[in-house]
1. Residue pairs, Cβ under 6 Å, 6 or more apart or interchain, first in the range 251-266 and charged (D, E, K, R), second assigned to a strand (DSSP E or B). List them.
2. Do you know which of the residues in the range 162-204 that are modelled with pLDDT of 85 or more and of a type in the set (Ser, Thr, Tyr) is farthest from Ala99 (Cα to Cα)?
3. Kindly list the number of the only condition in (1) surrounded by fewer than 18 Cβ atoms within 10 Å (Cβ to Cβ); (2) at pLDDT 90 or above; (3) under 28 Å from Glu333 (Cα atoms) that fails for Leu213.
4. Is it the case that some residue within the range 269-285 is under 18 Å from Val75 (Cβ atoms) and touching a residue at least 24 places away in the same chain (Cβ under 8 Å)?
5. Looking at Arg230, is it within 30 Å of Leu83 (Cα to Cα) and touching a residue at least 60 places away in the same chain (Cβ under 8 Å)?
6. For the range 59-71, indicate whether the set of residues that are among the aliphatic types (A, V, I, L, M), surrounded by 17 or more Cβ atoms within 10 Å (Cβ to Cβ) and in a loop (DSSP other than H, G, I, E, B) is non-empty.
7. Could you give me the residue pairs with C-beta distances under 6 Å whose first residue belongs to the range 129-148 and is in the same structural domain as Leu166 (by TED's automatic domain parsing), whose second residue is among the hydroxyl-bearing types (Ser, Thr, Tyr) and at pLDDT 75 or above wherever it lies, and which are 6+ apart or on separate chains?
8. Can you confirm whether Tyr224 is among the aromatic types (Phe, Trp, Tyr) and not assigned by TED's automatic domain parsing to the domain that holds Lys119?
Amino acid sequence: MKAKYTVTDRIITKITGWIAGIIIFGLFIWGIYTIWELNHYEYTNDAQVQEYVNPVISRADGFIVAVKFEENQQVKKGDTLLLIDNREYVIQQRQTEAAIEKEKARLLVLESNIHTLEKLASSEKAQINVRKARVWKQELENTRYENLYQNESATKQQLEDVQATLQVCNNDYLASIDSYEAAVAKINDVKAEIAVVRSEISRLNALLDRHKLDVSYTVITASYDGRMGRRIIEVGQMINVGEVLAFIVNNETDKWIVANYKETQIENMHLGDKAELVVDAYPKKKFKGTIISFSPATGSAFSLLPPDNSTGNFVKIVQRVPVRIRVDGTPEELELLKVGMNVNVYIPIK
């Protein structure tokens, strides 16, 4: 008995055949395009947009008194981002400034003392010459009286008086020498003390520079033109030295793509080769790029725990080599690209 097909069955069969034909034709076209693409491009979808994203780190601790930026805000180099309570740092700076003034006043006193001691030493030196002359005169007198005594023209008592006077003059002369040497030693002591004071002033000046630096750290500014990232702090928050306060994306450097190509794909790649970029966020727009560098090692070699094939657990896995590609385009085009966006990279095979 022959099967009977209704009109509906015939229509469904015809439509199914057309759909199957269209699918087969589409797969055929896709296969031809894929083969053509594999023969003309080295392709990877393991690529992301990269840009310098740097943390804003505190170099002083204290309470935040003002936050001068919002998330995603454009900032210029030198713009104030945060203000930290600086009163403690200012007090330390003033204390050091007062200590410097005190040491400078002490230095003036010591320099004045040196002037006085030099005058005293000069006077003592003059006394040495005076008393030396007296000794010389008294020695002549003593010699004369000894001759007179030998000739019995002077008494023993007169000779003893002259000798006693000579001894007194000698002692005065020696005492004046000691006084002069003491005055010179005191001058040297004061000069040494002046050197100590000057060293202390130098130390305090260095400490003052440090305090000024600490005060400057309480004003956190943008290091370059950029865009602020997520804001994670608020006024009144206590922060510590080294704490990450925000993130800033550097606008002063180029954007680039890091394309992780298989090691079997980089044979025909060279510095300066052009690349076509298709970003997932803008599938209908093509960007241009240029290869500017190849990583000196595979990505696994830079990982926290690089593989050690000598342990006996060796399984051969195709490694990937990061290729850095500079994005070429107008500022308006580059503005569309955000850090971390996924990119499809096509590099023509030469």
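1. Asp254/Arg326; Lys255/Val327; Lys262/Arg320; Glu263/Val321
2. Out of the qualifying residues, it is Ser199.
3. Going through the list (1) surrounded by fewer than 18 Cβ atoms within 10 Å (Cβ to Cβ); (2) at pLDDT 90 or above; (3) under 28 Å from Glu333 (Cα atoms), Leu213 breaks only (3).
4. Checking the range 269-285: not a single residue is under 18 Å from Val75 (Cβ atoms) and touching a residue at least 24 places away in the same chain (Cβ under 8 Å).
5. Here the answer is yes, as Arg230 does meet what is asked.
6. Yes, the range 59-71 contains a residue that is among the aliphatic types (A, V, I, L, M), surrounded by 17 or more Cβ atoms within 10 Å (Cβ to Cβ) and in a loop (DSSP other than H, G, I, E, B).
7. Arg131/Tyr173; Arg131/Ser176; Lys132/Tyr173; Val135/Tyr173; Gln138/Thr165
8. yes
The values are calculated or read from the model by the stated rules, or taken from the named source; none is laboratory data. Nothing here was measured: the structure is a model prediction, and the numbers come from that model. With ideal geometry, Cβ positions are generated from the backbone for all residues, glycine too; neighbour counts draw on all protein chains shown.
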